[in-house]
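Peer 1: The structure follows.
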Amino acid sequence: MYRILIVEDDAAIAQAMRKQLSLWGLEARCARNFRDIIGEFREFDPQLVLLDIVLPFYGGYHWCAEIRKISKVPIVFISSASDNMNIVMAMNMGGDDFISKPFDLNVLMAKIQAILRRTYDFASSADTLEHNGAVLNLSDASLSYQGERIELSRNEYRILQTLLEKKGQVVSRDTLMQRLWETDSFVDENTLTVNVTRLRKKLADVGLEEFIATRKGLGYVIG
């Protein structure tokens, strides 16, 4: 389920958007603390941001620039200030689209779905595996998350690849060891534990705590 952060200070408009997004199976949250949109962004970790231009304390352009410092997540500006200068400014600041108020909720949904498909369906192609914004690149065995690149050892890469390929399923330790043996990396139980621990630390260091869960007596799962 994709997560959408709505940064709109008109409560009626924000709630209407949240309700419409929920009807389409998207998890939407309306920002509450307009002094700290970055804090809300980090906590919710959305796959797309709907951002008004005129906001309390700091404007949408300010928050777009701050988000762009830490993430490449799609940003859609929503504003009644829809003159050409504002549209050009929004795009130059790092926005991915601009929707003028008043707008039809169905048009909003169509644009959001198109951006999500463009951004994340391609990230799920044969060359990458993706989960919750973390993208494993199969061509160079690297992991990227919110603009950061995480270098993986060969064993860490194989473990994460196997878990992502079976996302939502429990993968036994035996299965993981067999996968590593296939690449001439002969590991025992202790070596597997060490590799999983190191991988988890690398994930946690970039904000992906509990990305890999343990199912006691069964194995590991990404879900």
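The values are calculated or read from the model by the stated rules, or taken from the named source; none is laboratory data. What you see is a predicted model, and the numbers here were worked out from it, not measured in a lab. So basically every Cβ, Gly included, is an ideal-geometry build from the backbone, and we count neighbours across all protein chains shown.
Peer 1: Under the condition of being more than 12 Å from ILE78 (Cβ to Cβ) and not polar (S, T, N, Q), which residue from the range 104-119 is modelled with the highest pLDDT?
Peer 2: Filtering the range 104-119 for residues that are more than 12 Å from ILE78 (Cβ to Cβ) and not polar (S, T, N, Q), the one modelled with the highest pLDDT comes out as MET109.
Peer 1: Which condition breaks for ILE70 when tested against (1) within 19 Å of ARG118 (Cα to Cα); (2) touching a residue at least 60 places away in the same chain (Cβ under 8 Å); (3) not basic (Lys, Arg)?
Peer 2: (1)
Peer 1: Among the residues of the range 178-186, is any closer than 30 Å to LEU48 by Cβ, touching a helix residue (DSSP H, G or I) at 6+ places or on another chain (Cβ under 7 Å) and outside the structural domain of GLU43 (by TED's automatic domain parsing)?
Peer 2: Scanning the range 178-186, I find no residue that is closer than 30 Å to LEU48 by Cβ, touching a helix residue (DSSP H, G or I) at 6+ places or on another chain (Cβ under 7 Å) and outside the structural domain of GLU43 (by TED's automatic domain parsing), so the answer is no.
Peer 1: Still on this structure: Considering only residues that are aliphatic (A, V, I, L, M) and either more than 15 Å from PHE211 (Cβ to Cβ) or not assigned by TED's automatic domain parsing to the domain that holds GLU189 (or both), which ones fall in the range 158-169?
Peer 2: none
Peer 1: If only one of LEU26, LEU21, LEU48 is under 20 Å from TYR145 (Cα atoms) and crowded, with 16+ Cβ neighbours inside 10 Å, which one is it?
Peer 2: Answer to the check: LEU48.
Peer 1: Enumerate the pairs (first residue in the range 195-223 and assigned to a helix (DSSP H, G or I); second residue anywhere and surrounded by 19 or more Cβ atoms within 10 Å (Cβ to Cβ) and small (Gly, Ala, Ser)) with beta-carbon separation below 8 Å, excluding pairs fewer than 6 apart on the same chain, so at least 6 apart or on different chains.
Peer 2: Hits for this filter: LEU203/ALA134.
Peer 1: So which of ILE78, ILE99 is of a type in the set (Val, Ile, Thr) and either over 25 Å from ASN132 (Cα atoms) or out of contact with any Lys or Arg (no Cβ under 8 Å at 6 or more places or on another chain) (or both)?
Peer 2: None of the others qualify; the one that does is ILE99.
Peer 1: How about the range 133-167: which of its residues are part of a loop (DSSP other than H, G, I, E, B) and modelled with pLDDT of 85 or more?
Peer 2: Those that are part of a loop (DSSP other than H, G, I, E, B) and modelled with pLDDT of 85 or more: GLY133, LEU152, SER153, LYS166, LYS167.
Peer 1: Here are the criteria: (1) surrounded by fewer than 17 Cβ atoms within 10 Å (Cβ to Cβ); (2) of a type in the set (A, V, I, L, M, F, W, C); (3) farther than 30 Å from ILE67 by Cα. Tell me which single one ALA204 does not satisfy.
Peer 2: So ALA204 meets the others, but not (3).
Peer 1: Let me ask you something else. Of all residues in the range 35-71, which are aliphatic (A, V, I, L, M) and not in a helix (DSSP H, G or I)?
Peer 2: Within the range 35-71, LEU48, VAL49, LEU50, LEU51, ILE53, VAL54, LEU55 meet the criteria.
Peer 1: Here are SER79, SER100: which of them is farther than 21 Å from ARG42 by Cα, touching a helix residue (DSSP H, G or I) at 6+ places or on another chain (Cβ under 7 Å) and either in the same structural domain as ASP9 (by TED's automatic domain parsing) or modelled with pLDDT of 85 or more (or both)?
Peer 2: Result: SER79 is the single residue among SER79, SER100 that is farther than 21 Å from ARG42 by Cα, touching a helix residue (DSSP H, G or I) at 6+ places or on another chain (Cβ under 7 Å) and either in the same structural domain as ASP9 (by TED's automatic domain parsing) or modelled with pLDDT of 85 or more (or both).
Peer 1: Considering only the range 134-141, I want to know if a residue exists there that is touching a residue at least 24 places away in the same chain (Cβ under 8 Å) and buried (at least 16 other Cβ atoms within 10 Å of the Cβ).
Peer 2: Scanning the range 134-141, I find at least one residue that is touching a residue at least 24 places away in the same chain (Cβ under 8 Å) and buried (at least 16 other Cβ atoms within 10 Å of the Cβ), so the answer is yes.
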